[in-house]
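*Asks:* The following block contains the structure, expressed as structure tokens.
The values are calculated or read from the model by the stated rules, or taken from the named source; none is laboratory data. Because the structure is a prediction, the values reported are computed rather than measured. Here the Cβ positions follow ideal geometry from the backbone for every residue, glycine too, while neighbour counts run over all protein chains shown. These accessible areas exclude ligands, DNA and RNA; they are computed on the full protein's heavy atoms, side chains included. Shrake-Rupley method; radii C 1.70, N 1.55, O 1.52, S 1.80 Å.
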Amino acid sequence: MVALVKEWMSADPVTIEAQAMARDALELMVEHGIRHLPVVGSLGRVVGVISIDDLRAALPLAAASGASAGTVGRVEIGSGRVGELMTFAPQTVRAETPLAEAADLMAELRIGCLPVVESQGGLVGILSETDALRALAATLWTDEVRARRARSTDLDALVVRLRAERERVARELRDYSEVERRFTMHPQEEPVDFSERAADRTEADSAGIFQDLAVRRLEGLDRALERAATGRLARCESCGRRIPLSRLQALPGNALCIACARALEG
Ligand SMILES: [Zn+2]
């Protein structure tokens with residue numbers, strides 16, 4: 001079966017218009033973690049491509065704009081427009097183009113991406129070098145490698161989420177102890193406003209309950225991250241079988257699969 005561009009392209013790509021500021025193009029690329037933007041005109045037709053290299057090539061002038069004001073054909077990125085830096089009328093491909101043909105084109109023309117267009121010239125996607133490499137990698141993987149990779153990617157994502165949650169919980173706990181500290185300091189202060197004291201009391205009480213829960217969650221997250229660091233996160237500590245990711249997400253501190261946890265309870 002021949003791989004087609006449409007199977008590997010990014011559909012609905014981020015785009016920009018020719019009259020937009022070059023620095024906005026740079027901002028869009030950084031924000032979306034991409035290196036190319038198709039430039040679209042009226043009716044969504046592709047009129048150009050701007051790459052991070054185009055923007056970089058214009059950058060030196062930003063530092064010395066006064067001295068090189070006379071330079072022809074180069075624009076200071078701070079005030080430049082996308083249309084001044086982009087590649088005009090770029091090479092495009094169709095969604096039905098064989099992927100190998102598209103990859104050949106990119107290599108031959110030494111370009112990093114190909115806008116994918118329909119018959120009227122409207123943009124439907126973009127194929128980047130990264131997409132082509134991903135496709136190549138996929139054909140080289142054995143089924144076993146592919147399965148292992150899919151698993152480890154999910155697990156990596158979970159570890160990232162757990163680590164982010166740990167940061168948030170730790171921050172919340174610092175806020176709670178701030179509330180507590182305020183409450184315990186009040187008695188020494190004069191004069192005492194009793195309505196304010198009552199409000200603080202309630203705040204401190206509910207903070208106490210959440211604090212207990214947060215401390216427990218934090219301990220669980222720490223145990224999970226410790227096990228992740230030694231590659232044991234998804235292994236049941238009793239039977240060695242895999243623990244489902246959904247269970248790890250809900251109960252990060254848990255080191256047992258459901259069957260072993262039930263056996264322990266029963
Ligand atoms: Zn088990």
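*Asks:* Taking the dipole about the Cα centre of region 5-140, with the C-beta of Lys and Arg at +1 and of Asp and Glu at -1, give me whichever of 122, 15, 88 is farthest to the positive side.
*Replies:* Sorting the options by dipole projection puts first 88.
*Asks:* Take the Cα atoms of region 5-140, find their three principal axes, and give me the spread along each one in whole Å, biggest first.
*Replies:* The Cα atoms of region 5-140 stretch 51, 34, 27 Å along their principal axes.
*Asks:* Once the whole set of protein chains is in place, how much accessible area is left on residue 152, using a 1.4 Å probe, in Å² to the nearest 10?
*Replies:* Answer for residue 152: close to 50 Å² accessible.
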